[in-house]
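Below is one structure, written out as structure tokens, with a few remarks after it.
The values are calculated or read from the model by the stated rules, or taken from the named source; none is laboratory data. The structure presented is a predicted model; accordingly, all values stated were derived computationally and were not measured. Cβ placement follows ideal geometry from the backbone for every residue including glycine, while neighbour counts extend to all protein chains displayed. The area values use the complete protein model at the heavy-atom level, side chains included, leaving out ligands, DNA and RNA. Shrake-Rupley method; radii C 1.70, N 1.55, O 1.52, S 1.80 Å.
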Amino acid sequence: MPTAPHTRHGTGRQASPAPDGRSLSQIVFRPWDCQVVATAVRFEIPERLAAGPRKSAELAAAIGADPATFTRFLDACAILGLVESDGEGAYTLTELGGTLARGSGPFPAMALMNMGEGMWNRMARLHETILTGRPAKDDRGEDLYQHYDHHPEERLWHAEAMADLSNDAGRALAAGFDFGPYHRIVDIGGSLGILLSHILTAAPHAHGTVFDLPAVVERGRAARADSPVADRLDFFGGSFFEDAPPSADLYLIKQVLCDWGDEDGARILRNSLRNAPSGSRLLVVEWTRSAGRQPDHLDLMSLCLQTVTGGRARTEDEFITLIESVGFRYEKTTPVPSATSPRPWQVLQAVRP
């Protein structure tokens, strides 16, 4: 294995950077940079260095790590700008490294989720998805969510990553939408209830229901037990492939449909909206791909989604087609700004005739 990447083509010309500014050598020779970041989160390096510099040997002992390997790991963190070394065995947290503290923003949980075995191992089978058009499975024949059934820690990382996105989307929706007309709101696939909690805070007259898998809603009930909106927030356990939540006048579904192909997406909507009365409304909250054939940054996420879950990023027109296929009439799309992404959330609104 080469120890240092070449920076020139055989012609002697300097390699051109990729559109995002990285060189090909950075992309090819250092795919494990993200694993270093995720491991820093896993070992709580930001929290352990928050009070000031500490020696590598001291940290290794606290974690139970091999001292020599742990020092090499901290040096890798220094190369990535997460910590600084004094050259004598002590390390200091940088401002960049501080953004990896749990609860500080979207990066820690997202790093753990994306670098977990469930996601990482399936992306190693990207070539299989390209050949077949189907999501990758592991050696046991399991899909991602079946893998999570055996790896509850990874399922928790996934839930935490989605919770961070829900925090962002929830604040944006609470600030940008008028929820005054709605008294009963259901969040389909609402996980721990974060999105709906923001909305109920902005709509003190409304009651809300989170609809998700039984094991997920149990964690949600515990997580929201002391919430200021707990008396107006309940949870309904079920599978959106088979069950329907109670009737409501507004249904939310955020970043669920992107995980599934058209057939499964229509099935989710059809089942989840089975009890939707005439006049009820649906808000689909997603990032939408640009129309046309020019490459879009969402194409990278789309390829990952197709590989690990069978989903994809859709254009606005593709979402409209999916929504109307289950009997709702599309009305309009409203962009609301994200605090963590330059790409705004797109909120597609539809009504049950």
With every protein chain in place, what's the accessible area of Met115 (1.4 Å probe, Å², nearest 10)? 40
Below 8 Å between Cα atoms, with a sequence gap of 6+, how large is the relative contact order for the stretch 68-138 in percent? 14
Computed log₁₀ I(q)/I(0) - Debye formula, equal Cα scatterers, no solvent, the stretch 196-353, q 0.10, 0.18, 0.19, 0.20 Å⁻¹: -0.39, -1.25, -1.36, -1.45
Where trypsin sites (Lys or Arg not before Pro) fall in DSSP loop in the stretch 85-141, at most 12 other Cβ within 10 Å: Arg140
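Just the number, please: Stokes-Einstein D of the stretch 308-353 in µm²/s, Kirkwood Rh from C-alpha pairs, 20 °C, 1.002 mPa s.
Values: Rh = 12.0 Å.
Estimated diffusion coefficient is 178 µm²/s.
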Lys and Arg at +1, Asp and Glu at -1: add these up for the other residues within a Cβ distance under 11 Å of Gly105 and post the number. -1
Dimensions (Å) - the chain, Cα atoms, principal axes, largest first: 68, 52, 40
How big is the charge dipole of the stretch 191-257 about its Cα centre, in debye rounded to the nearest 20, if each Lys and Arg gets +1 on its Cβ and each Asp and Glu gets -1 on its Cβ? 200
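In whole Å and largest first, what semi-axes does the C-alpha gyration tensor of the stretch 195-271 yield when each eigenvalue is scaled by 5 and square-rooted?
Three semi-axes, in Å: 23, 14, 11.
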With no solvent term and unit scatterers on the alpha-carbon positions of the stretch 279-335, Debye gives log₁₀ I(q)/I(0) at q = 0.25, 0.26 Å⁻¹ of -1.08, -1.12
Two decimals is fine: what is log10 I(q)/I(0) at q = 0.08, 0.14, 0.20 Å⁻¹ for the stretch 107-265, from a Debye sum with one equal scatterer on every Cα and no solvent? -0.26, -0.75, -1.32
Using only protein heavy atoms and a 1.4 Å probe, report how much of Thr309 is accessible, in Å² to the nearest 10. 20
Let me check against my output: what whole-number percent is the relative contact order of the stretch 215-353, with C-alpha pairs under 8 Å and at least 6 apart? 24
So, relative contact order of the chain in percent, Cα under 8 Å, 6 or more apart, is 12
Using the Kirkwood formula over every pair of different C-alpha atoms, what hydrodynamic radius in Å results for the stretch 173-218? 10.8
Please work out how much accessible surface Asp296 shows to a 1.4 Å probe, ignoring ligands, DNA and RNA, in Å² rounded to 10. 20
Using only the alpha-carbon atoms, what does the stretch 29-101 span along each of its principal axes? Please give whole angstrom values in decreasing order. 29, 24, 22
Sequence of Phe179, Phe73 from largest to smallest accessible area, 1.4 Å probe: Phe73, Phe179
Express in % the proportion of alpha carbon pairs of the stretch 245-321 at distances exceeding 21 Å. 31
Looking at the stretch 33-89, which trypsin sites (Lys or Arg not before Pro) are in a loop (DSSP not H, G, I, E or B) and have at most 11 other Cβ atoms within 10 Å? none
